[in-house]
Amino acid sequence: MIAMWERIWEILRKEFNQTLRDPRRRALLIGPPLLQLIIFGYAVNLDVESIRTAWMDQDRTVESRELLAAFQGAKHFKIVSTPQNQEEIDPLIDHDEVQAVIRILPGFAEHIHRGDTAAVQVLVDGTNSNTASIISSYASRIIAVYASGVLAAQKNSQLVPRTASAGGPVATLIPALSVQHRVWFNPDLASRVYYVPGVIINIIALVTIMLTAMSIVSEKEIGTMEQLMVTPIRPIELILGKLLPFAVIGVFETAFVVAAALFIFGTPMRGSLLLLFFCTLLFLLSTLGIGLFISTISRTQQQAMLLSFFFFMPAMLLSGFAFPIRNMPEAVQYITYLNPLRYFMRIVRGLFLKGVGVESLWQEMTALALFGIAILWLSALRFHKRLD
């Protein structure tokens, strides 16, 4: 047993030295984490902070100016243009000078005084459907608040004649509805808080799969695999010696990204760090197994790299990282159950944002363990047969 672990240690030490000496592998260790952190921490931002808005008032009354004041007082809307007709609106939207147009139709104040429905037209640039939906929601909320104020003023004005005719105060019941909303887990609705935890999964998957596949294939390319097989090293020892270094690298990458998320981007960590690293080890069973499998079907490091990307990109897109799985077609949703990244994504975001524990994540943890053991075992069998 001691001799076995001594042989594994020698392979492990050789693998670390070879990985750190190879410029391509060093680039994989440093490049993807930094690039993804910069992109998803700073560049990718789905928040709608400043909405360039055009205001077209065809009524020009006190009521329309009050609604204008409501939009000007909102932090999201910035009035940058006041077109006078439809011909002036089209170029503004076509040239991306404004994202929304608020149009007050003629007779706006007259309809309000008569108690009729007064129309406000909101034109939104729908090129980006997500942004358009948010802008429409913001505008509708402001108009709804204004409408409730108008309704309350009308009801109060109706009390004046009744009070005068009665010679004193008239008791009346005016129904009121107070809406209070509270956003859990991400109160500021910041995109960064949502995306940065997911970067952990992408980095671990990409780095460990590619490094594992390229490491084993490189032995074939330079002809040292045959030399290893004539030594007393057994296949299981070779597999362990090849995989353990990249398991350590995966844990190190996790620690690096978690530290960056906490101290640079201010992402909250409400769950257990120990549970996060334990689940990382479960996830590494799958990624190392996939890298081992890719190495058995690749002849060169370039093939291994391309096959790694071929697996990683669909797996990342179907993990729920950028797009909610529930919005995907039903057939695709069933396919995602075969994706280990799906389960680890739910675990990481649950730990970071919700602070849940094993009682809420045991199903995902069980799926990760089963997938990891199965993938690693089948890949090891195939690798063993290729060696034979």
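Estimate the FRET efficiency between Val183 and Ile39 by the formula 1/(1 + (r/R0)^6), using the beta-carbon distance for r and 30 Å for R0, to the nearest 0.05. Rounded to the nearest 0.05, the efficiency is 0.75. Other residues with beta-carbon under 10 Å from the beta-carbon of Met4 carry, at +1 per Lys or Arg and -1 per Asp or Glu, a net charge of 0.
Number of Lys pairs in the chain with C-alpha atoms less than 29 angstrom apart, excluding same-chain neighbours closer than eight positions?
The number of close lysine pairs in the chain is 7.
With K and R counted +1 and D and E -1, the other residues having a Cβ less than 13 Å from that of Asp59 yield a net charge of -1.
Between Asp94 and Phe309, the contour length at 0.36 nm per residue exceeds the alpha carbon distance by 73.6 nm. The calculated FRET efficiency for Lys75 paired with Thr366, based on their beta-carbon distance and R0 = 35 Å, is about 0.20.
Here the Gaussian network model covers the chain, with springs between Cα atoms less than 10 Å apart; of Pro268, Pro23, Pro340, Pro23 fluctuates the most. Pulled fully out, how much extra length does the chain show between Ala255 and Ile143, if you take 0.36 nm times their separation in residues and subtract their Cα-Cα distance? Contour length minus Cα-Cα distance gives 35.6 nm. Charge tally around His111: other residues with Cβ under 14 Å, Lys/Arg +1 each, Asp/Glu -1 each, net -3. Taking the Cα centre of the chain as origin and assigning +1 to Lys and Arg Cβ atoms and -1 to Asp and Glu Cβ atoms, the resulting dipole is close to 1180 debye. From its DSSP helices (H runs of at least four residues, each -39,500 (n - 2.57)), the chain gives a residue-normalised ellipticity at 222 nm of -22500 deg cm²/dmol.
Amide H to amide H distances under 5 Å link Gly355 with Arg270, Gly271, where only residues 5 or more positions off or on other chains count and H is placed in the peptide plane. Axis of helix 23-38 versus longest Cα principal axis of the chain: the two differ by about 20°, to the nearest ten degrees. Helix 340-349 versus the longest principal axis of the chain: what angle, 0 to 90°, nearest 10, using Cα atoms? So the inclination is approximately 50 degrees.
In sequence order, region 85-98 has phi-based couplings of 8, 5, 4, 7, 6, 4, x, 4, 6, 4, 8, 6, 7, 9 Hz under the Karplus curve 6.51 cos²θ - 1.76 cosθ + 1.60, θ = phi - 60°, and Gly or Pro positions carry x. With a Förster radius of 25 Å applied to the beta-carbon distance between Leu378 and Arg234, the computed FRET efficiency rounds to 0.85. Helix 358-387 and the long axis of the chain differ in direction by around 40°, with both axes built from C-alpha atoms.
In the list [x] 0.97; [y] 1.43; [z] 1.32, the label attached to Cα Rg over 2.2 N^0.38 Å as derived from the coordinates here is [y]. Kindly identify region 231-388 as rounded, prolate or oblate by the Cα gyration tensor criterion: order the square roots of the eigenvalues as a ≥ b ≥ c, call it rounded if a/c is under 1.5, otherwise compare a/b with b/c, prolate if a/b is larger, else oblate. In terms of gyration-tensor shape, prolate. The tail of the calculated P(r) for region 1-136 beyond 21 Å holds 63 percent of all Cα-Cα pairs.
Once fully extended, how much extra length lies between Thr127 and Arg21, figured as 0.36 nm per residue of separation less the alpha-carbon to alpha-carbon distance?
Here the answer is 33.4 nm.
According to the square roots a ≥ b ≥ c of the eigenvalues of the Cα gyration tensor, what is the shape class of region 271-345, taking rounded for a/c under 1.5, prolate for a/b larger than b/c otherwise, and oblate for the remainder? It comes out oblate by the Cα gyration axes. The packing ranking of peptides 288-296, 233-241, highest mean first, is 288-296, 233-241, where packing means the average number of other beta carbon atoms within 10 angstrom of each residue. Judged by the mean number of other Cβ atoms found within 10 Å, the most tightly packed of the peptides 310-321, 200-211 leads the ranking 200-211, 310-321. Which of these, Tyr343, Tyr194, Tyr334, has the largest mean-square fluctuation under a Gaussian network model of the chain (Cα springs below 10 Å)? Of Tyr343, Tyr194, Tyr334, the Gaussian network model singles out Tyr334 as fluctuating most.
No value in this document is a laboratory result; all are computed from the given coordinates. Since the structure is predicted, the reported quantities are computational estimates derived from the model, not experimental observations. With ideal geometry, Cβ positions are generated from the backbone for all residues, glycine too; neighbour counts draw on all protein chains shown.
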